[in-house]
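The values are calculated or read from the model by the stated rules, or taken from the named source; none is laboratory data. Everything quoted here is computed from the prediction, not taken from an experiment. Cβ: placed from backbone, ideal geometry, glycine included. Neighbour counts: every protein chain shown. Each accessible area value is taken on the protein alone, full model and side chains, heavy atoms only, with ligands, DNA and RNA left out. Shrake-Rupley method; radii C 1.70, N 1.55, O 1.52, S 1.80 Å.
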Amino acid sequence: MREIRHGDEDYPQAFKDLNRPPESIFTIGDESILRMAPNRLVAIVGTRDATPYGVRVTARLAEAFVAAGIGVVSGLARGIDSAAHRAVLEAGGKTIAVMGTGVDVPYPAGHRALHAEIAAKGLVVSENEPGTPAIQGCFPRRNRIIAALARVTIVVEAPYKSGAINTATQALDMDRVVAAIPGPI
């Protein structure tokens, strides 16, 4: 685990587009993936209650991005987020999981193994101090980091009031590209 502070040489330049960039981020894993931000990273976010179709489309998108040398950023949530991370890992690509908790606190707890795999083969990032549990307000703050790291944000099957829509709104505020897969293509 490592802390990267604002002003450090390896602090992501993609954060300059944020109104309130994090003072520091904590990382576990392959920090070289941060150098892909934002031009070689895409965010895939969506509903926690994904349909089998949504999971399939997410996997196909993730696999296509891996084949093109593009990394995938998401939030390790149930549903679309975890489907994106898993597909990238299975395809041998680069993925970043941005946490709303401390970088060392898998959330949801059922994703402990996925968190460990991403830490070993990709990168886990959080602006929260290590050990920070899930608290109210931490996930919208996380979403701005997801949006900042990626040039494109793709929303899959998200309800109108959701974290995925919050991420898309944050991306639009930074003049990033937003795309959506609201249902069957």
message = Rounded to the nearest 10 Å², what accessible area does Arg86 have for a 1.4 Å probe in the complete protein model?
response = 100 Å²
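Mind giving me the FRET efficiency for Ala64 and Val177? R0 is 22 Å, r the Cβ-Cβ distance, nearest 0.05 is fine. Present the calculation step by step, with values, prior to reporting the outcome.
On the way: r = 16 Å, r/R0 = 0.73.
Using R0 = 22 Å, I get an efficiency of 0.85.
Using the Cα atoms as the points, what is the convex hull volume per residue of the stretch 68-169 in Å³?
In the stretch 68-169, the Cα convex hull volume per residue is 96 Å³.
Report, in debye and to the nearest 20, how large the dipole of the chain comes out about its Cα centre when Lys and Arg carry +1 and Asp and Glu carry -1 on their Cβ. Could you put the intermediate results ahead of the total?
Numbers: 20 positive and 19 negative charges, 86 e Å.
Approximately 420 debye in magnitude.
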key: Sequence-distant lysines (8 or more away, or on other chains) whose Cα lies within less than 21 Å of Lys161   = none
inquiry  = What percentages make up the Cα-Cα pair-distance distribution of the chain when the bins are 10 Å wide from 0?
reply    = 11, 43, 39, 7, 0
ask   = What nm value, rounded to one decimal, do you get for the distance between Thr169 and Glu129 when each label is placed 7 Å out toward the C-beta?
value = 2.9 nm
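Ordering Lys94, Lys161 from largest to smallest accessible area (1.4 angstrom probe), what's the sequence?
Largest accessible area first, the residues go Lys161, Lys94.
So how much slack lies between Ser32 and Glu9, counting 0.36 nm per residue of separation and subtracting their Cα-Cα distance, in nm? Don't jump to the answer; show the numbers that get you there.
Working: separation 23, 0.36 × 23 = 8.28 nm, distance 1.25 nm.
The span from Ser32 to Glu9 would gain 7.0 nm if fully extended.
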key: Fraction of beta bridges assigned by DSSP in the chain that are antiparallel (%, nearest 5)   = 30 percent
Point-charge dipole on Cβ atoms (K/R +1, D/E -1) for the stretch 83-148, about Cα centre, debye to 20 = 160 debye
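Please give the length that would be gained between Asn19 and Lys161 if that part of the chain were fully extended, namely 0.36 nm times their separation in residues minus their C-alpha to C-alpha distance (nm, one decimal).
On the way: separation 142, 0.36 × 142 = 51.12 nm, distance 2.24 nm.
Working it through step by step, the gained length comes to 48.9 nm.
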query = Which lysines does Lys121 reach when only Cα atoms under 22 Å apart count, and residues fewer than 8 places away in its own chain are ignored?
reply = Lys94
ask   = How much accessible surface area, in Å² rounded to 10, belongs to the heavy atoms of Met1 with a 1.4 Å probe?
value = 130 Å²
query = What's the carbon and sulfur percent of the chain's accessible surface, probe 1.4 angstrom, rounded to a whole number?
reply = 52 percent
query = Tell me, what is the per residue accessible area of the stretch 104-168 in Å², probe radius 1.4 Å?
reply = 44 Å²
